[in-house]
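A quick write-up on the structure given underneath.
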Amino acid sequence: MQKERFRYFIKVPELAQFYNEITDYRTAEDVGVDRPQKNEILHNIPPTPQQEEFIEKLMQFAQSGDATILGRDKLSETEEKAKMLIATDYARKMALDMRLIDPDLYEDHSDNKASHCAATIAEYYRKYDAQKGTQFVFSDLGTFQPGQWNVYSEIKRKLVEDYGIPASEIRFIQECKTDKARKAVIDAMNEGKVRVLFGSTSMLGTGVNAQRRAVAVHHLDTPWVRHEVA
């Protein structure tokens, strides 16, 4: 079934004013919804040498449109029109892990996002071990793919090998192929038997009531859709 959506809006202030004239709405603050305060921490991770080199290539590609700079074939006529979108996609992958660009060309690095994320997860794991505190890890890129290199499995490997966290306490929501399996993981999170749960926006963003022992939510990339753990 074909779906359509707005590509862009013009005269947004006027649109907002018109909307206010025909609607009566209340925000969570207006009605006094009791919600916990968010303690947001933004981690500034300097680029690795490989990332710095690739950033230069992206800038050259954005200026020239020469896709061979990125190691791919020349852009088609259709791709030429989406040049900046292609550059943005490469930038998102590069920022998460260079191996998303090419797992055979690039290697692990102690200062990449996977390494920093694993260290942070392990820190919270130890800090709230007595309470069996749980953590959610969100990423729409590098999701779990059996038999293929992916960011989820890489961070799990680091947690197990470098920090001694039991593999049985780390799960991927993509592994749950049935509602029964999904419910079992959610129950295990609430009981503290599973301590770290990875997932994407679409699969973990809503309708997952596994927050009973949650102490942290980690976002590895910037999702296209806003979501909350509920």
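The values are calculated or read from the model by the stated rules, or taken from the named source; none is laboratory data. Please read these numbers as outputs of a predicted model, since none were measured by experiment. Please note: Cβ atoms are built from the backbone with ideal geometry, for glycine as well, and neighbour counts cover all protein chains shown. Surface accessibility is based on the protein's heavy atoms, side chains included, excluding ligands, DNA and RNA. Shrake-Rupley method; radii C 1.70, N 1.55, O 1.52, S 1.80 Å.
How high is the relative contact order of the chain, in percent, with contacts defined as C-alpha pairs under 8 Å that are six or more residues apart? Don't skip to the end; give the middle numbers.
Numbers: 258 pairs, mean separation 39.9, N = 230.
Across the chain, relative contact order equals 17 percent.
What is the dipole size for the chain, taken about its Cα centre, with +1 at each Lys and Arg Cβ and -1 at each Asp and Glu Cβ, in debye to the nearest 20? All intermediate terms of the calculation are to be shown ahead of the outcome.
Numbers: 32 positive and 36 negative charges, 176 e Å.
That gives a dipole near 840 debye.
Under 19 Å Cα to Cα from LYS74, which aspartates and glutamates show up? Leave out anything in the same chain fewer than 8 places away.
Leaving aside aspartates and glutamates fewer than 8 places away in the same chain, those within reach of LYS74 are GLU56, ASP66, ASP89, ASP102.
What FRET efficiency would be calculated for the residue pair TYR25, THR222, taking the C-beta separation as r and a Förster radius of 25 Å, to the nearest 0.05?
Numbers: r = 27 Å, r/R0 = 1.08.
So the FRET efficiency works out to roughly 0.40.
Any idea how far apart ASP66 and LYS193 come out in nm if each label point goes 7 Å out from Cα toward Cβ?
5.8 nm
Which aspartates and glutamates have a Cα lying under 13 Å from the Cα of LYS38, excluding residues fewer than 8 positions away in the same chain?
GLU228
For the range 1-101, what is the relative contact order in percent, using Cα pairs closer than 8 Å and at least 6 residues apart in sequence? Each step should come with its number before you reach the end.
Details: 37 pairs, mean separation 19.0, N = 101.
Computed value for the range 1-101: 19 percent relative contact order.
Can you give me the C-alpha center-to-center distance between the range 150-184 and the range 112-129, rounded to a whole angstrom?
Answer, in whole Å: 14.
Report the net charge of residues surrounding GLN131, where surrounding means a beta-carbon distance below 13 angstrom and charges are Lys +1, Arg +1, Asp -1, Glu -1.
Working: positive: ARG126, LYS127, LYS132, ARG195, ARG212, ARG213; negative: ASP129, GLU191.
Result for the neighbourhood of GLN131: +4.
When all protein chains stay in place, what accessible area (Å², nearest 10, 1.4 Å probe) is found for ARG99?
Counting only protein heavy atoms, the figure is 20 Å².
Straight-line reach only, C-alpha to C-alpha below 27 angstrom: list the lysines that LYS158 could link to, leaving out same-chain residues fewer than 8 apart.
Straight-line reach from LYS158, under 27 Å: LYS93, LYS113, LYS127, LYS132, LYS177, LYS183, LYS193.
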